[in-house]
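The values are calculated or read from the model by the stated rules, or taken from the named source; none is laboratory data. Every value quoted in this text rests on a predicted model; they were computed, and no experiment measured them. FYI the Cβ positions are ideal-geometry reconstructions off the backbone, even for glycines, and counts take in every protein chain you see. What goes into the accessible areas is simple: the full protein's heavy atoms, side chains included, and nothing from ligands, DNA or RNA. Shrake-Rupley method; radii C 1.70, N 1.55, O 1.52, S 1.80 Å.
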Amino acid sequence: DVKVTQSSRYLVKRTGEKVFLECVQDMDHENMFWYRQDPGLGLRLIYFSYDVKMKEKGDIPEGYSVSREKKERFSLILESASTNQTSMYLCASSSPGQKLTDTQYFGPGTRLTVL
Amino acid sequence: DQQVKQNSPSLSVQEGRISILNCDYTNSMFDYFLWYKKYPAEGPTFLISISSIKDKNEDGRFTVFLNKSAKHLSLHIVPSQPGDSAVYFCAATLLSGNTGKLIFGQGTTLQVKP
């Protein structure tokens, strides 16, 4: 079974702090994704990565950056956290080799609260 | 611009009856569609998918229907069970684009009453 783990389930930070959210997958997947989930807005893509050191902006990259130094690890960074970044953050991975599915496997999520 | 829309935020059905969740999309280039289910405090899990070359895909109690001319898909759950209570997201992608990128709808919260 694919396993995607996220470093924290719940996180509380203060405005202006630098925040690191870590995601690790154990299935050698090339693609990794960061989403945020907000009520009424669904899952919105922040950044994604096809390969080590590769990254692409998603739909809402402002205020975020990412790092992928190793294939299994994809980090989301909030350079200076703001209250409007309070959200559920979900990491996912997938492999382009999967037959037709493009199925993404998700981690359990990190509930971030910025005070 | 919301390319994938789920216009019903919530749905409540009685156990044993049919649940129908709807999804509309605007981009006619999308060629693959997926449904995910999400329980509270868990990540979404893949449920069922359909290619644009088909109009129906069935997996046990779950059936997805695709109407390309209407740019509409629906998920039918028959019979509904209390354990089906969750948030359901539809998603669309362009397989030929080969990015692995999914576009998600806003989600519909399904409540199945015993």
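Quick notes
- Any chance residue B:1 is surrounded by fewer than 13 Cβ atoms within 10 Å (Cβ to Cβ), within 12 Å of chain A (Cβ to nearest Cβ), farther than 25 Å from residue A:107 by Cα and among the acidic types (Asp, Glu): yes
- Filter result (loosely packed, with under 13 Cβ neighbours inside 10 Å, modelled with pLDDT of 95 or more and on the phi > 0 side of the Ramachandran plot) within the range B:31-72: B:60
- Number of residues in the range A:44-73 that are of a type outside the set (Ser, Thr, Tyr), open to solvent by 20 Å² or more (accessible area, probe 1.4 Å) and either in contact (Cβ under 8 Å) with a residue 40 or more places away in the chain or farther than 23 Å from residue B:90 by Cα (or both): the value is 12.
- Within the range B:86-114, considering residues that are part of a loop (DSSP other than H, G, I, E, B) and within 10 Å of the chain's Cα centre (by Cα), the one surrounded by the most Cβ atoms within 10 Å (Cβ to Cβ): B:105
- Residue identified as surrounded by fewer than 15 Cβ atoms within 10 Å (Cβ to Cβ), closer than 24 Å to residue B:112 by Cα, more than 14 Å from chain A (Cβ to nearest Cβ) and among the hydroxyl-bearing types (Ser, Thr, Tyr) among B:28, B:80, B:12: B:12
Conditions tested, residue by residue: (1) closer than 25 Å to residue B:35 by Cα; (2) among the aromatic types (Phe, Trp, Tyr); (3) without any contact (Cβ under 8 Å) to a residue 24 or more places away in the chain; (4) surrounded by fewer than 19 Cβ atoms within 10 Å (Cβ to Cβ).
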position	(1), (2), (3), (4)
A:12	no, no, no, yes
A:18	no, no, no, yes
A:23	yes, no, no, no
A:30	yes, no, no, yes
A:90	yes, no, no, no
